[in-house]
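Undergrad: Below is the structure I would like to discuss, written out as structure tokens.
The values are calculated or read from the model by the stated rules, or taken from the named source; none is laboratory data. As the structure is a prediction and not an experimental result, all values here were calculated from the model. Counting neighbours? That spans all protein chains shown, and the Cβs are built from the backbone with ideal geometry, glycine included. Ligands, DNA and RNA are stripped out before the accessible areas are found, and what is left, the full protein with its side chains, is counted by its heavy atoms. Shrake-Rupley method; radii C 1.70, N 1.55, O 1.52, S 1.80 Å.
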2 protein chains.
Amino acid sequence: MSLARTPEPPYWAVIFTSERTDGDHGYAQMAQQMETLAQRQPGYLGMEHARDEQTGVTVSYWRSEEDVRRWKADLDHQQAQKLGREQWYRRYQVRVCRVERAYGFER
Amino acid sequence: MSLARTPEPPYWAVIFTSERTDGDHGYAQMAQQMETLAQRQPGYLGMEHARDEQTGVTVSYWRSEEDVRRWKADLDHQQAQKLGREQWYRRYQVRVCRVERAYGFER
């Protein structure tokens with residue numbers, strides 16, 4: 001399942017776009033741990049992710065802005081953010097958004 | 001350049017996540033055309049994209065909600081959307097969001 005099943009808007013989205021450094025440096029394992037940890041947070045609604053050679057885009061969905069703030073402040077997540085800046089990312093951008101409308105298509 | 005240089009929030013983001021069908025069917029050429037066309041639209045601020053075997057995530061950024069609506073209604077873009085449903089996508093989800101805050105990191 002690669003697309004998240006989110007409820008009717010409004011809800012919140014955190015768009016995380018990044019350029020990785022070369023090599024893994026424990027990244028894959030930590031990314032998996034963070035996804036598992038996020039799933040246990042209050043207000044977590046889902047996550048979508050794609051990565052190619054140049055860019056990674058991860059979008060996580062949350063019930064409220066308070067849930068977004070709590071996840072950012074989580075201590076294990078803070079540690080992963082620190083490692084990200086030290087080792088895994090050349091650049092990244094985080095955008096916190098309120099989802100106003102949504103629609104989809106399925107074959 | 002894989003990360004978009006967007007202005008201070010607020011602005012708008014359209015998160016397009018998709019699962020592709022097998023084969024290309026003219027997709028790569030049309031994706032390039034649509035990116036070029038989007039860049040010419042009023043209010044276009046940038047685009048970020050990643051794709052792996054399972055999932056594609058494209059985020060486009062816009063100055064206002066009106067700019068988002070105008071781009072969705074563009075006739076060439078409408079034609080691409082139709083081909084997308086007929087040929088390229090198994091499923092997709094579009095989420096229209098207001099970006100409330102943003103921050104980044106650069107090495």
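Undergrad: Suppose we compare each residue of region B:46-66 in its chain alone and in the full protein complex with a 1.4 Å probe; which ones drop by at least 40 Å² of accessible area?
TA: Listed in order, they are B:Glu48, B:Ala50, B:Asp52, B:Thr55, B:Val57.
Undergrad: Kindly write out, for region B:92-103 in residue order, the coupling ³J(HN,Hα) from the Karplus curve 6.51 cos²θ - 1.76 cosθ + 1.60 (θ = phi - 60°), rounded to whole Hz, with x marking Gly and Pro.
TA: 8, 9, 10, 10, 9, 10, 9, 7, 9, 8, 8, 7
Undergrad: Calculate how steeply helix A:27-39 sits against the longest principal axis of the alpha-carbon atoms of chain A, using the helix alpha-carbon long axis, and give the answer as 0 to 90 degrees to the nearest 10.
TA: Computed tilt is about 30 degrees.
Undergrad: Give me the accessible area per residue for the protein assembly as shown, probe 1.4 Å, as a whole number in Å². Present the calculation step by step, with values, prior to reporting the outcome.
TA: Numbers: 11080 Å² over 214 residues.
In whole numbers, the protein assembly as shown has 52 Å² accessible per residue.
Undergrad: Defining the label point at 7 Å along Cα→Cβ, can you sort the distances from B:Gly43 to the same site in each other copy, shortest first, in nm?
TA: 2.8
Undergrad: Next up: Hey, what do the phi angles of region B:7-14 turn into as Karplus ³J(HN,Hα) couplings, whole Hz, using 6.51/-1.76/1.60 and θ = phi - 60°, x for Gly and Pro?
TA: x, 4, x, x, 8, 10, 10, 10
Undergrad: Shifting gears a bit: Accessible area of the protein assembly as shown with a 1.4 Å probe: how many percent of it is carbon plus sulfur? Show your work: numbers first, answer last.
TA: Details: 5180 of 11080 Å².
Exposed carbon and sulfur together represent 47 percent of the surface.
Undergrad: Under the rule of -39500 (n - 2.57) per DSSP H run of 4 or more residues, summed and divided by the residues of chain B, what mean residue ellipticity at 222 nm is obtained, to the nearest 500 deg cm²/dmol? Let's see the in-between values first.
TA: Numbers: 3 runs with 31 residues, N = 107.
Taking each H run of at least 4 residues, the total per residue is -8500 deg cm²/dmol.
Undergrad: Could you compute the net charge surrounding A:Glu106? Neighbours are other residues with a C-beta less than 12 Å from the C-beta of A:Glu106; K and R count +1, D and E count -1. Each step should come with its number before you reach the end.
TA: Values: positive: A:Arg5, A:Arg107, B:Arg85, B:Arg90, B:Arg91; negative: B:Glu19.
My count for the surroundings of A:Glu106 gives +4.
Undergrad: Starting from the Cα of B:Lys82, draw a straight line to each of the lysines and keep only those under 26 Å, dropping any in the same chain fewer than 8 residues away.
TA: B:Lys72
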